[in-house]
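**Q** One structure follows; several queries about it will come next.
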Amino acid sequence: MRDEGYEPCLNNAAVLFAESSDSVFSKFGDKIKGDIISYLRSITRLPCKYRFPYYTLTKNTFSDLFNEEASKIIIESIRKEMLNRIDFDTNAGIEEILDEIQKRELGKYLKNFSGHEHVLFLWNNKNFRDKIMNDFFIHPDVPQGLISSEKIQLPAVENVLYSDLFSNKETATAQEFQIIAQIHQKNKLEIPTRLAGIDCTEWFKNGLSAEFLVLEKQIDQYFEKKNISCICGYNKNKIPDRKTLRKLLKCHNYVMLDSPHNIFKKGL
């Protein structure tokens, strides 16, 4: 994501891992701790503000610096230190713990959206996708809209089906833009309108890839001016190619993933 100009918005997991690692390394003495940190930064080329943000890189560093047995002891020491700092107990490994923390943090982050967010949500897990939609639509007092393949009952959410949009393919993009504008026009509050498409690859499936990419650019410009928060969900396994993905990235100021759980913002 950094190669595309995005930076991660969630930092609780990174901070937890950094603080737990620092605590364990401090027991080795300042010199060894300094050597580990210097070596990690030299191979990752991360600036100083990133304190052990990636578990896999750090784990590989231990393998380079220590033998297998010592590496396992260090990793387990960090895992135990992490468990002392969080509010849930688990037998999971460090990666699973960090991902669970980000999963919880992601739900809270979505609830605090304040407008002008256009999110590209690349999902693989339908259950988590549906949970995200439940976490996102939380303001029954403001207009909210969801486009989906099947009817989905969410409180105070206007539900439109893709099949209705595609009943006339020539007017499908114009109809979706009109739906977006009409829902937002009902909003008389300062709280942003919330909109989502649960799987926009339906447009690709119906032979409207080029038309929809034009629409994505159009609504992105619309969201810049209007107080709207929108999630555009995509089954990442059904995006045709990397060229299409890059075009989608250009139209969204956020990217959200479900594996690992994270959300990134452009130009942080």
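The values are calculated or read from the model by the stated rules, or taken from the named source; none is laboratory data. Model, not experiment: these values are computed from the prediction. Note: ideal-geometry Cβ built from the backbone for every residue, glycine included; neighbour counts use all protein chains shown. The accessibility values were calculated without ligands, DNA or RNA, using every heavy atom of the protein model including side chains. Shrake-Rupley method; radii C 1.70, N 1.55, O 1.52, S 1.80 Å.
**Q** Could you please find all residues in the stretch 218-249 being more than 30 Å from GLN185 (Cβ to Cβ) and part of a helix (DSSP H, G or I)?
**A** Result: LYS236, ASN237, LYS238, ARG242, LYS243, THR244, LEU245, ARG246.
**Q** Which members of the stretch 140-166 meet the condition of being over 15 Å from SER229 (Cα atoms) and either in contact with a His (Cβ under 6 Å, 6 or more places away or on another chain) or open to solvent by less than 70 Å² (accessible area, probe 1.4 Å) (or both)?
**A** Those that are over 15 Å from SER229 (Cα atoms) and either in contact with a His (Cβ under 6 Å, 6 or more places away or on another chain) or open to solvent by less than 70 Å² (accessible area, probe 1.4 Å) (or both): SER148, SER149, ILE152, LEU154, ALA156, ASN159, VAL160, LEU161, TYR162, LEU165, PHE166.
**Q** Of everything in the stretch 80-98, what is surrounded by fewer than 17 Cβ atoms within 10 Å (Cβ to Cβ) and not hydrophobic (A, V, I, L, M, F, W, C)? Give them in sequence order.
**A** Of everything in the stretch 80-98, those that are surrounded by fewer than 17 Cβ atoms within 10 Å (Cβ to Cβ) and not hydrophobic (A, V, I, L, M, F, W, C) turn out to be LYS80, ASN84, ARG85, ASP87, ASP89, THR90, ASN91, GLY93, GLU95, GLU96.
**Q** Inspect the stretch 46-53 for any residue being over 30 Å from LYS108 (Cα atoms), in contact with a Leu (Cβ under 8 Å, 6 or more places away or on another chain) and modelled with pLDDT under 75 and give the result as yes or no.
**A** no
**Q** Which residues, counting only those in the stretch 109-138, are over 12 Å from the mean Cα position of the chain (by Cα), surrounded by fewer than 19 Cβ atoms within 10 Å (Cβ to Cβ) and not polar (S, T, N, Q)?
**A** LYS111, GLY115, HIS116, LYS126, ASP130, LYS131, ASP135, ILE138
**Q** Further, regarding this structure: With the checklist (1) surrounded by 12 or more Cβ atoms within 10 Å (Cβ to Cβ); (2) within 24 Å of the chain's Cα centre (by Cα) in hand, flag the one item LEU65 doesn't pass.
**A** LEU65 satisfies all of (1) surrounded by 12 or more Cβ atoms within 10 Å (Cβ to Cβ); (2) within 24 Å of the chain's Cα centre (by Cα) except (2).
**Q** Name the pairs: first residue in the stretch 244-266 and in contact (Cβ under 8 Å) with a residue 12 or more places away in the chain and open to solvent by 40 Å² or more (accessible area, probe 1.4 Å), second residue of a type in the set (A, V, I, L, M, F, W, C) and assigned to a helix (DSSP H, G or I), Cβ to Cβ under 9 Å, at least 6 apart or on different chains?
**A** Final answer for the pair search is LYS247/LEU213; ASN253/PHE223; SER259/PHE128; PRO260/LEU98; LYS266/LEU249.
**Q** For the stretch 208-217, what are the residues that are among the hydrophobic types (A, V, I, L, M, F, W, C), assigned to a helix (DSSP H, G or I) and crowded, with 16+ Cβ neighbours inside 10 Å?
**A** Scanning the stretch 208-217 gives PHE212, LEU213, LEU215.
**Q** Here's a follow-up. Please work out which one of (1) touching a Phe, Trp or Tyr at 6+ places or on another chain (Cβ under 6 Å); (2) of a type outside the set (Lys, Arg); (3) open to solvent by less than 20 Å² (accessible area, probe 1.4 Å) is the condition LEU195 fails and give its number.
**A** Of (1) touching a Phe, Trp or Tyr at 6+ places or on another chain (Cβ under 6 Å); (2) of a type outside the set (Lys, Arg); (3) open to solvent by less than 20 Å² (accessible area, probe 1.4 Å), only one is false for LEU195: (1).
**Q** Specify which of the listed residues (LYS238, LYS205, LYS225) is open to solvent by 80 Å² or more (accessible area, probe 1.4 Å), free of Cβ contacts under 8 Å to residues at least 40 places away in the same chain and over 21 Å from LEU161 (Cβ atoms).
**A** LYS225
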